[in-house]
1. Take the conditions exposed (fewer than 11 other Cβ atoms within 10 Å of the Cβ) and assigned to a loop (DSSP other than H, G, I, E, B) and apply them to residue 49. Does it pass?
2. Just a yes or no: is a residue in the stretch 227-236 among the hydrophobic types (A, V, I, L, M, F, W, C), touching a Gly at 6+ places or on another chain (Cβ under 6 Å), modelled with pLDDT of 90 or more and more than 25 Å from residue 99 (Cα to Cα)?
3. With respect to residue 5, determine if the residue is in a loop (DSSP other than H, G, I, E, B) and modelled with pLDDT under 85.
4. Can you tell me which residue is farthest from residue 207 (Cα to Cα) among those in the stretch 70-100 that are touching a Phe, Trp or Tyr at 6+ places or on another chain (Cβ under 9 Å) and touching a residue at least 40 places away in the same chain (Cβ under 8 Å)?
5. Checking the condition of a type in the set (S, T, N, Q), surrounded by fewer than 18 Cβ atoms within 10 Å (Cβ to Cβ) and either modelled with pLDDT under 95 or more than 21 Å from residue 293 (Cβ to Cβ) (or both), which residue from 222, 189 passes?
6. Quick one: how many residues across the stretch 181-218 are within 16 Å of the chain's Cα centre (by Cα) and not aromatic (Phe, Trp, Tyr)?
7. Mind telling me which of the residues 65, 70 ends up being in a loop (DSSP other than H, G, I, E, B) and either among the hydrophobic types (A, V, I, L, M, F, W, C) or under 30 Å from residue 147 (Cα atoms) (or both)?
8. Hey, could you check the stretch 125-143 for residues that are among the charged types (D, E, K, R) and assigned to a helix (DSSP H, G or I) and say which is nearest to residue 206 (Cα to Cα)?
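The values are calculated or read from the model by the stated rules, or taken from the named source; none is laboratory data. In this text, all values refer to a predicted model and were calculated from it rather than measured experimentally. All Cβ positions, glycine included, derive from the backbone under ideal geometry; neighbour counts span all protein chains shown.
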Amino acid sequence: MIRQILSSAAESAGSSDAAPALPTQAAVILWTLNGIGIVLLLIWTIRWRGRNPLSGCPIRRHRLPLWFVPSQWLIWMFGSFLLMTLSKALFKGKDDWRFEIALNIGGMLWYGILLCLFLTVARFGFARGLKGFGLNWKTTGKDLPAAAVTLTAVMPLIWAALQITLLVGQWLVGPDFTMDQHASLTALSDFPQWWMRAVIVLHAALVVPLFEETLFRGLLQSTLTAYWERPWLSILTVSILFSLMHPYPTHLPALLILSLALGYAYEKSGSLQRPIWMHILFNGTNITLALLAS
């Protein structure tokens, strides 16, 4: 799951009665990223003004039927439900460190099994195998910097979406309205042991991005783009599904913007590494802010 920008930062920016402001280090990181991002976003807007930036984007040919991805989605959701149910049955609850460990290690094992399945399917289902799927590790030197630039450009929009959501929520509900806090960020503050935090960070910042981008962008978006032949429609559809599957309603607008950027990066470059690195960097930034704040 996506690890959101620290919600306490949004609260402190929106209300004088909210949680204390972020530490200086976190605030400097946040505002520096936003400042650079605004400049990059303006450059991108000027460059593509009046033109379709996805014109001439790479074509990913494959033999996957339209029903395949929904079936894998159901397998993923059913397995995750069993993992949650089993963890609750074996351990007391969310305040039990064993419950948190079971969720994270069990989640990594389950995601690892599914990743092997997805990559095998891509190996035999896409023209040129994994390279046609968008996984060519020889392009890492190009994809990683491009992912960092793209993510930085979209960060001001994500931050603005969080701020607007907070303001609207306070207007509708009152000053007691707060943003949802992601369970993994909460766990980082609830369990200060270094080994616990290492497991949570490994799960959130590496395994989850690899799995989600392979499923949502690699398989689902590729299937819809080939079926509809309209890249923007497939990006939007996948982004809506991606946002709705996260159980944090107040993060939905920010998640939608992030997912649109992830889908655009994949479609534009043809490399699945772009959205994977963007997702890793995004989650890593949020975790860093959470640790600094705690």
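1. On the way: exposed (fewer than 11 other Cβ atoms within 10 Å of the Cβ): yes; assigned to a loop (DSSP other than H, G, I, E, B): yes.
Yes; evaluated as a whole, the condition is true for this residue.
2. As a first pass, look at the stretch 227-236 and keep what is among the hydrophobic types (A, V, I, L, M, F, W, C): 228, 232-233, 235-236.
Going one step further and asking which of them are touching a Gly at 6+ places or on another chain (Cβ under 6 Å), we end up with 235.
Filter once more, so that each one left must be modelled with pLDDT of 90 or more: 235.
Of the ones still in play, those that are also more than 25 Å from residue 99 (Cα to Cα) are 235.
Yes, the conditions are met somewhere in the stretch 227-236.
3. Working: in a loop (DSSP other than H, G, I, E, B): yes; modelled with pLDDT under 85: yes.
Taking the combined requirement at face value, the residue satisfies it.
4. The residue in question is 97.
5. Details: 222 fails: surrounded by fewer than 18 Cβ atoms within 10 Å (Cβ to Cβ).
Matching residue, one of 222, 189: 189.
6. Filtering the stretch 181-218 for residues within 16 Å of the chain's Cα centre (by Cα) gives 181-185, 200-218.
Next, only the ones that are not aromatic (Phe, Trp, Tyr) stay: 181-185, 200-210, 212-215, 217-218.
So the count comes out to 22.
7. Details: 70 fails: in a loop (DSSP other than H, G, I, E, B).
None of the other options fit; the residue is 65.
8. Pass one, the stretch 125-143, residues among the charged types (D, E, K, R): 128, 131, 138, 142-143.
Subset that is assigned to a helix (DSSP H, G or I): 131, 138, 142-143.
Working: 131: 21, 138: 19, 142: 19, 143: 16 Å.
Only one residue fits best here, namely 143.
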